[in-house]
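This report concerns only the one structure given below.
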Amino acid sequence: MTDSSSFDVDKIISQLLSVRTNRPGKEVKLSRDSIHALLDHVTNVFLEQPTLLEISAPVTICGDIHGQFSDLLLLLDMGGFPPHTSYLFLGDYVDRGRNSVEVICLLFAYKLKYPEKIFLLRGNHEEQSVNINYGFYDECKRRYNVALWRKFNEVFNCLPLAAAVDDKIFCCHGGLSPELHTLDDVRRIARPTEIPEEGGLISDLVWADPNPDPAMKGWHFNDVRGTSYFFGSDTVEKFLNDNDLQIVCRAHDVAQDGYRFYTKRQLVTIFSAPNYAGIYFNSGAIMTVSEDLECAFKILKPTVRKLNYRNNDEMGFHTLTGRSYSDTSLDIGSERTLTKGTHMKIKLNETLKSSSDYLELPIFRSRSQSMVN
C-alpha cells in the first residue's frame, strides 16, 4: 500500500477541475503516488457500502461517460457539482474516450470526499478483460504504467452492482437476469469479485439488454454482445411487480436523445456521453429524481457536425467544442399532490425528440455488443 500520510483529496479535485476552461482533451498530470493513494482510500469506502446501494431521493442519475472528461465536467456543471447535488453513476467510466484516467479519478475523489453524495455502480467496462482492449489499458500504459492499470481494476472489483432509489427505482448498468428474483440476490453478492466469463447474475447486471423486439418475450441469448441475455417486457413487468418497484433505470446502450424508454415505460436507458466515440452525434442525458420521485431529464446536445474519429488527428472523442443545454423537466403542473401509487400523464417539454407527447409515470409522495458499449 502506498504511503498516504500526505494524501490530499482536495488537491486532486482541484487539479482535475483546473482544466474546465481548457481545450477539450487536455490531460491532467496527477502523480502516480497520489493516484495510488486515492485508490487505496476509495477501495475501503466501496467495501464499507453494500453491493446493492439503497439511496434516497433527490438524486441525479448518469449513464455511460466513457472517458469523455470534458463532457463529464459539462454534465456536472449542468446538474450541479457535489455536494450540492447527489449523483448515481451507472458505470462505464473508462474506455473509448481519451481521458479515462481523469474521469475515474475525479469520480473516485468525489466518492472519497462525499461518500453519501456520490454513488458509482460497476459497468461492463470496469473489468480488465474488457478495458484491456478498448483504450483504458493503453492510456494507463502510455501515461503511467501497467501496474496502475491493474490497481484500477482491483478497485473496479469492489464497485457495487445495483442500487434502489427509495425502494422504487431499480438501477444497474446492463439489465435483468434469470437469476435475479429479489433484491436480496444482489445483496448476497460478495466483493471483491471479477465479472465471470461464464455468465450468471453478476455478468447479466452489467451486460444484459432489453429486447429491441417488443414481440419477443422471456430470455434470449444476446447474440449482439456475444454474452448474457436479451430480456423481454414480460420479465421487466414480473420483476417490478414481484419487488414492488416502478421502473428499471439502466445505461449500456447509446440513446440518440440521451435517454430511451422501453416496455410500457417500465424501463429507461440513460446514456450520458454526447457524440459517443466521435461518430454517433447523439445527445447525452442525465435524469433527475426529485424528493417526490418525479423524473426529469437534462440534455447535453452536440452542436457541430458529425465527425468520424478514424479520419481525425484528435481521435474525434472531443470534437464538439460547443454544447447546448436543454432542460427537459417534465411538466407536471399542479399534480404534485397525487398519492403514492397513482398514475398521471406527464407532458414532455416540446424540445424533446420523443416518440410520444406524453409519458405515463407513477408519482410517489411517500418517503416512510458486436460493439461493446
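The values are calculated or read from the model by the stated rules, or taken from the named source; none is laboratory data. Since the structure is predicted, the reported quantities are computational estimates derived from the model, not experimental observations. Reconstructed Cβ throughout: ideal geometry from the backbone, glycine too, with neighbour counts over all protein chains shown.
Quick look at the values:
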read-out	value
Given (1) modelled with pLDDT under 95; (2) in contact with a His (Cβ under 6 Å, 6 or more places away or on another chain); (3) of a type in the set (A, V, I, L, M, F, W, C), index of the condition VAL206 fails	(1)
Tally of residues being of a type in the set (Lys, Arg) and either surrounded by 17 or more Cβ atoms within 10 Å (Cβ to Cβ) or under 13 Å from PHE108 (Cβ atoms) (or both) across segment 145-159	1
Residue count, segment 160-189 (criterion: in a helix (DSSP H, G or I) and buried (at least 20 other Cβ atoms within 10 Å of the Cβ))	1
Test: THR319 is buried (at least 16 other Cβ atoms within 10 Å of the Cβ), more than 27 Å from SER228 (Cα to Cα), modelled with pLDDT of 95 or more and β-branched (Val, Ile, Thr)	no
Enumeration of residues in segment 124-149 that are part of a helix (DSSP H, G or I) and under 21 Å from PHE271 (Cβ atoms)	VAL130, ASN131, PHE136
Qualifying position, being of a type outside the set (Lys, Arg) and over 14 Å from ASN124 (Cα atoms), among ALA215, ALA208	ALA215
Residue match in segment 114-129 (condition: within 28 Å of LEU293 (Cα to Cα), hydroxyl-bearing (Ser, Thr, Tyr) and touching a helix residue (DSSP H, G or I) at 6+ places or on another chain (Cβ under 8 Å))	no
Test: residue in segment 216-232 that is within 18 Å of LEU52 (Cβ to Cβ) and either touching a helix residue (DSSP H, G or I) at 6+ places or on another chain (Cβ under 9 Å) or among the charged types (D, E, K, R) (or both)	no
Test for VAL155: is it modelled with pLDDT of 95 or more, β-branched (Val, Ile, Thr), under 26 Å from GLU294 (Cα atoms) and assigned to a helix (DSSP H, G or I)	no
Residue among ILE286, ILE270 that alone is part of a strand (DSSP E or B) and in contact with a helix residue (DSSP H, G or I) (Cβ under 9 Å, 6 or more places away or on another chain)	ILE286
The one condition in (1) closer than 24 Å to TYR280 by Cβ; (2) surrounded by fewer than 23 Cβ atoms within 10 Å (Cβ to Cβ); (3) not small (Gly, Ala, Ser) that ILE104 fails to fulfil	(2)
VAL9 touching a His at 6+ places or on another chain (Cβ under 8 Å), closer than 14 Å to PRO115 by Cβ and of a type in the set (Val, Ile, Thr)	yes
Boolean, GLY25 is within 23 Å of VAL206 (Cβ to Cβ) and among the small types (Gly, Ala, Ser)	no
Residues located in segment 254-279, provided they are surrounded by fewer than 23 Cβ atoms within 10 Å (Cβ to Cβ), of a type outside the set (Lys, Arg) and under 12 Å from VAL236 (Cα atoms)	TYR262, THR263, GLN266
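To keep it simple, each residue is scored yes or no on (1) of a type in the set (Gly, Ala, Ser); (2) under 21 Å from VAL165 (Cα atoms); (3) surrounded by fewer than 21 Cβ atoms within 10 Å (Cβ to Cβ).
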{"position": "SER56", "(1), (2), (3)": "yes, yes, yes"}
{"position": "VAL59", "(1), (2), (3)": "no, yes, no"}
{"position": "GLY63", "(1), (2), (3)": "yes, yes, no"}
{"position": "PHE69", "(1), (2), (3)": "no, no, no"}
{"position": "LEU74", "(1), (2), (3)": "no, no, yes"}
{"position": "PHE81", "(1), (2), (3)": "no, yes, yes"}
{"position": "THR85", "(1), (2), (3)": "no, yes, yes"}
{"position": "LEU88", "(1), (2), (3)": "no, yes, no"}
{"position": "ASP92", "(1), (2), (3)": "no, yes, no"}
